[in-house]
1. Which of the following residues is hydrophobic (A, V, I, L, M, F, W, C), surrounded by 18 or more Cβ atoms within 10 Å (Cβ to Cβ) and more than 15 Å from B:Leu103 (Cβ to Cβ): B:Leu185, B:Leu200?
2. Might you let me know whether region A:74-88 holds any residue that is among the hydroxyl-bearing types (Ser, Thr, Tyr) and within 27 Å of A:Leu238 (Cβ to Cβ)?
3. Here is a list: C:Asp76, C:Asp129. Which entry is under 25 Å from the mean Cα position of the chain (by Cα) and acidic (Asp, Glu)?
4. Which numbered condition trips up B:Val113, out of (1) in contact (Cβ under 8 Å) with a residue 60 or more places away in the chain; (2) within 12 Å of chain C (Cβ to nearest Cβ)?
5. Within the bounds of region A:272-284, is there any residue that is more than 9 Å from chain C (Cβ to nearest Cβ), under 20 Å from C:Met189 (Cβ atoms), modelled with pLDDT under 90 and part of a helix (DSSP H, G or I)?
6. Is at least one residue of region B:60-67 facing chain C (nearest Cβ under 10 Å) and of a type outside the set (S, T, N, Q)?
7. Has region A:151-171 got any residue that is β-branched (Val, Ile, Thr), touching a Leu at 6+ places or on another chain (Cβ under 9 Å) and in a loop (DSSP other than H, G, I, E, B)?
Amino acid sequence: MTTLVEPQGPPPLAEGGRRPRHILLQRARRSPTLIIGAAISLTLVLVALLAPLISPYSPDHQDLYNILSGFSSKHLFGTDELGRDELSRLIWATRTDLRVGFLAVIFPFCFGSVVGTLAGYRGGWLDTVVMRAVDVLIAFPFYVLVIALIFVVGTGTTGIYVAFAVVDWVVYARAVRSTTLVVRESDYVAAARTGGLPDSRILLRHVLPNTITQAVVYLTNDVVLVIVAVVTLGYLGLGVQPPTPDWGTMISDGQEFLTTYWALSTLPGIAVLVTGLGLSLLGDGLADVLRPQ
Amino acid sequence: MSGALLRVRDLTVSVGRGERRYVAVRDVGFEVPAGGSLGVVGESGSGKSLTLRALMALLPRGVRAERGVVELAGEALPFTGPGARRARRGRLAMVFQDPLSGLDPVYTVGTQVAEVPRRVLGASAAASRRRAVELLRLVGMPDPERRAHAFPHQLSGGMRQRVLIAMALASEPKVLLCDEPTTALDVTVQAQVLELLDDLRRRLGVAVVFVSHDLAVVRQVADELAVMYTGRVVETGRANEVLGHPAHPYTLGLMEAVVDLDDTAHAPQAIPGALPDLAHVPSGCPFHPRCRFASDDCALSDPGFRYLGGGGSDRGTACKYPERVMAG
Amino acid sequence: MLRYAARRVAAAVLVVFGVTLATFLLMHLEPGDPARAVLGIHATPSAVAALRREWGLSSSLPAQLGHFLSQLVRGDLGQSYIYGVSVSSLIGARIGETAALVAVATAFAVIITVPLSALAASRQNGWADHVVRAVSVVGLALPAFWFGIVLIEVFAVHLHLVPVGGAGSGLGGHLEALVLPGLTASFAMAPILVRSLRVGMLEVMDADFIAVARAKGLGDTRVLFAHVARNALVPTVTLLGLNIAYLIGSTVIVEQVFNLNGLGSLLLSSILNRDFPVVQAITLVLGTAVVFLNLATDLFAARLDPRIRLR
C-alpha cells in the first residue's frame with residue numbers, strides 16, 4: 001500500500017498450476033489464525049448485511065428527550081448528542097464502512113495486478129513507465145494525495161473511490177511485478193515460451209496462478225488499511241457525508257463530549273479495531289495456507 | 001593411549017523437541033595426539049558435524065549433549081554454561097563449512113579476523129589489526145594488507161575459506177576442528193586449502209580434526225581415521241591401515257564404492273540398502289541389514305566397540321566379526 | 001559508495017520533478033473558480049476576471065506551468081489567495097512544528113521497535129514473543145487518530161500528565177506537547193517495523209556467521225549487537241525509509257487531532273478554502289521531503305550493508 005509498505009519479497013514458487021483443493025482445505029482447518037479471522041470477518045459481514053433487521057432503531061431516529069444518555073435498557077449503548085441510538089448507528093456504520101472499503105479496493109486490485117503482470121512480463125518501455133509512475137505516486141505522502149484528489153473530485157463516497165483508484169493500485173502493481181519477474185525466469189515458463197505457446201496463454205495458465213496468490217494476500221492487508229483510511233477521512237469531514245452513519249464521523253462528533261460521555265468516540269474506534277483485527281487475521285491465515293510449503 | 005592431546009569418550013548427543021528425542025551421536029570416542037591429524041569420515045547424517053559442534057559447545061536449539069567427556073591435555077571441558085566457551089579459548093577452534101555464509105557480510109574480513117585478538121584476547125585496536133594481517137599472510141592470502149579491507153562478497157571462495165582458517169587460528173588453538181572445509185570449493189582450490197592445513201599443522205604444531213564425506217580428500221590430510229555410521233564410530237586406526245585393510249563392513253563398502261581410475265578391473269559398487277533414519281535405527285548392529293558378512297546374532301545385540309591388536313595401536317572396530325571383513 | 005550515492009540523488013531529483021508536475025496538474029484540474037470563491041457569489045464578472053488575471057489564471061495551462069516553474073526556480077512559491085502573504089512565509093512559520101513532530105514520531109518508533117523486536121526474537125515462541133506479535137497485528141488495525149483521542153482521554157484529561165492540545169511554550173513545553181502526538185504518529189509505523197525487525201533478527205540468528213562468531217569466542221552481547229542487530233537492521237532501515245511517506249502524511253491527521261499549527265493542518269484548511277498556491281506548495285514541499293528522507297535512509301542502509309552498493 002502506498003500508505004504502509006510491507007517488507008514482503010516474492011514468495012517461493014509453486015509448480016505451474018494449482019495445489020489440490022483438499023490440501024488447502026486441510027491446512028485451512030488447522031490454522032487458528034485463519035479460523036478466528038474468518039469467524040470475526042464473517043460476523044461483521046453478517047452484521048452489515050442484516051443491519052435493517054437487527055438494528056433496534058433507525059440510525060436517524062432522534063429521541064430528543066434522551067440526549068447523551070448513558071447505557072440503559074432502552075438504548076444499550078446510549079444515545080448521541082442528537083438523541084440517536086448509538087448501537088443502531090454502530091450497526092449501520094458497519095454496513096457503510098465495509099461496503100465503501102470493499103468497493104474501494106476493487107479497482108486498485110484489478111488494475112494494479114494487471115498492470116504489474118504486464119510490466120513484469122513484457123518489460124521494456126511499459127515497465128519503465130509503470131515503475132516511474134509508481135515511484136512518483138509513492139513519493140506523495142498518502143493522505144496528502146488522497147485529500148488533494150478529494151479536493152478535485154469532491155467529498156463523499158465518489159471522492160473516496162476515485163482517490164483510492166488513483167493512489168492505491170501502486171502496491172499491487174509493485175508486488176505483482178516482482179512476483180512476475182521471478183516467475184518469468186522459472187524453468188516451466190521458459191519451457192512454455194520455447195514451446196511456442198502464445199503469451200496470453202502463458203500468462204493465464206502459468207504466471208497468473210502464482211502472482212494472484214500474492215495479490216490476494218496483499219488485498220486482505222490492504223482492505224484493513226483502506227477501511228482505516230475511509231474512517232480517517234470521515235473523521236476529517238472529507239469522507240462519507242452525514243447523515244449516512246460512518247465510524248469516522250461518529251468519532252469526530254463524539255470528540256467534544258469526551259469528558260461527559262466518552263463512549264461516543266470510543267465505541268466506533270473499537271469497532272474499527274475489531275474489523276481490522278478480523279481481516280488481518282484472515283489475511284495472515286490465508287497467506288500461511290496459500291504459501292507453497 | 002597416553003600422550004593424546006584431545007580425548008573424547010562416550011559422547012552422546014540427542015536431537016528433538018520436548019519428549020521425542022532421537023540419538024544422533026552415540027558413545028563416540030577418539031583420540032588425537034598433539035600435532036596429529038584425525039579424519040572423521042561418514043555420509044551426511046552420520047553425526048560427524050554434530051560431533052564437532054558438541055566438542056565446541058555450539059549445539060543448535062533443540063540439540064543436547066546427553067553425556068560424554070571431552071579432555072584437552074587432561075583437562076575436562078564442560079558442555080554447557082558460561083564456562084563452556086571460555087574453557088575452549090586458546091584450545092579448540094573450528095573452521096566451518098560454507099565460507100560465504102560463515103562470514104558476516106557487513107564487516108571487512110580484516111575486521112572479522114581482528115575481532116578475535118581485540119574482543120577475545122583483549123589486544124589494542126592497532127595490535128589487533130597488525131595481527132589480522134599477519135594471520136592472513138600466514139594462511140597464504142596474497143597482498144594481505146590490501147585484502148584485509150575487502151568485504152566477503154568481494155573475495156573468491158578459496159580466499160574466504162582462508163579467512164575462516166585465519167579466524168580460527170587467531171585464538172592460537174591447540175586443536176583445529178574442520179567441518180567439511182573444502183566441500184564448497186572447486187577441486188583445484190580444494191587441493192590448495194588441504195595443503196595449507198597440512199602446512200599449518202607442521203609449522204604451528206596444531207592438531208587437526210578433519211570431518212568429511214569425501215574419502216579422497218580425507219586420505220590426503222589424515223594420519224588417523226575414524227569412520228562414522230548412524231552416529232557411532234565404527235572403525236578407527238591409522239589411515240593407510242583402515243583404508244588398506246578395513247575392519248568394518250561399512251568401511252569396506254565405502255572403499256568399494258569409490259571410483260579408482262587406476263583399477264580398471266573393479267567397477268565401483270554401491271552399498272546395498274539405504275541409510276536408516278534416526279528414528280528407525282535397526283536393532284543390534286545398525287549396519288546389519290546392509291552387510292554381506294552378517295550372521296543372525298548381529299541383529300540381536302549391539303557389538304559395541306573394541307580395540308584390536310596391541311602394541312600401542314588404536315585400531316578398533318564396531319564389528320563382531322572383523323576377521324570376515326579383512327578376509328575380503 | 002560515491003557512485004551509488006550520485007545515482008540515487010539523480011533519481012531523486014527526477015522523482016521530485018515528477019511530483020512537481022503532478023501537483024501542478026492536480027491543482028489545475030479542480031473545477032470551480034478560486035477567484036469567485038474568494039470574492040463571493042455577489043462579485044461582478046469583471047471583478048472576478050480582474051482577480052483571475054492578477055493571479056495568472058487567465059493564461060493557458062502551459063503558460064501557467066511555465067510561470068510556476070520559473071517562479072519555483074527562483075524560490076518563489078507564490079502568494080496565498082486567502083492570506084495574501086507569500087506562501088513561503090506561511091510554510092516557513094509552520095514547517096518547524098511538522099518537522100519536530102516527524103522527528104519525535106520517528107524517535108518513538110525506533111524506541112518502541114528495537115527493544116520489542118529484540119525481546120521477541122530472543123525468546124522465540126515464548127509468551128513475550130506472542131504478546132509482541134499480537135500487539136503488532138492490533139497496531140495495524142488501529143486508526144491512528146482514534147488512538148490519539150484515546151491517549152488524550154487517558155493521559156491528558158484524566159491523568160493530567162500532558163497538555164490536551166496546542167503547542168506549549170518554550171522548549172520543554174514544546175516537547176511535552178509533542179509527546180502524545182509523536183506517540184500517536186509513531187504507532188502508524190511501529191507495528192510494521194516490529195514485524196520486520198523481529199523476522200530479520202530471527203533469520204540472522206540462524207545464519208552460519210553467527211555460529212562462527214560464537215565459535216571465535218565472542219560474548220553473547222557482542223554477538224547480538226555487533227552481528228545480529230547490525231545485519232537485521234538493514235532491511236528494517238530501508239522499510240523505515242519507505243514508510244516515511246506514510247508518517248509525513250499522517251501528520252496531517254495528527255495535527256488535526258491535537259490542534260497543532262503545522263503544515264498538515266494548513267494543508268487541510270487550504271484545501272477546504274481552495275487556496276491553490278498553498279496546497280500546491282505544501283504538497284511539493286512534503287513530496288520533496290519524502291524523496292530526500294527516502295534517499296537519506298537508502299544511503300544509510302548502503303553504508304550499513306556493502307552489498308547494496310553493487311546494485
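1. Working: B:Leu185 fails: more than 15 Å from B:Leu103 (Cβ to Cβ).
Of the residues listed, the single one that is hydrophobic (A, V, I, L, M, F, W, C), surrounded by 18 or more Cβ atoms within 10 Å (Cβ to Cβ) and more than 15 Å from B:Leu103 (Cβ to Cβ) is B:Leu200.
2. Narrowing region A:74-88 to residues among the hydroxyl-bearing types (Ser, Thr, Tyr): A:79, A:88.
With the extra rule that they be within 27 Å of A:Leu238 (Cβ to Cβ), the set shrinks to A:79, A:88.
Yes, because at least one residue in region A:74-88 is among the hydroxyl-bearing types (Ser, Thr, Tyr) and within 27 Å of A:Leu238 (Cβ to Cβ).
3. On the way: C:Asp129 fails: under 25 Å from the mean Cα position of the chain (by Cα).
None of the others qualify; the one that does is C:Asp76.
4. Single failed check for B:Val113: (1).
5. Pass one, region A:272-284, residues more than 9 Å from chain C (Cβ to nearest Cβ): A:282-283.
From what is left, the residues that are under 20 Å from C:Met189 (Cβ atoms) are A:283.
Filter once more, keeping what is modelled with pLDDT under 90: A:283.
Now restrict to residues that are part of a helix (DSSP H, G or I): A:283.
The answer is yes, given that some residue of region A:272-284 is more than 9 Å from chain C (Cβ to nearest Cβ), under 20 Å from C:Met189 (Cβ atoms), modelled with pLDDT under 90 and part of a helix (DSSP H, G or I).
6. Residues of region B:60-67 that are facing chain C (nearest Cβ under 10 Å), as a first pass: B:60-61.
Cutting the leftovers down to of a type outside the set (S, T, N, Q) gives us B:60-61.
Checked against the condition, which is being facing chain C (nearest Cβ under 10 Å) and of a type outside the set (S, T, N, Q), region B:60-67 yields at least one hit.
7. Yes, region A:151-171 has at least one match.
Residues are listed down the side, and each one gets a yes or a no for (1) surrounded by fewer than 24 Cβ atoms within 10 Å (Cβ to Cβ); (2) at pLDDT 80 or above; (3) closer than 15 Å to C:Gln124 by Cβ; (4) in contact with a helix residue (DSSP H, G or I) (Cβ under 8 Å, 6 or more places away or on another chain):
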{"site": "C:Ile210", "(1), (2), (3), (4)": "yes, yes, yes, yes"}
{"site": "C:Arg230", "(1), (2), (3), (4)": "yes, yes, no, yes"}
{"site": "C:Thr238", "(1), (2), (3), (4)": "yes, no, no, yes"}
{"site": "C:Phe258", "(1), (2), (3), (4)": "no, yes, no, yes"}
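The values are calculated or read from the model by the stated rules, or taken from the named source; none is laboratory data. None of these values were measured; they are calculated from a predicted model. In this analysis, Cβ positions are derived from the backbone assuming ideal geometry, glycine residues included, and neighbour counts consider all displayed protein chains.
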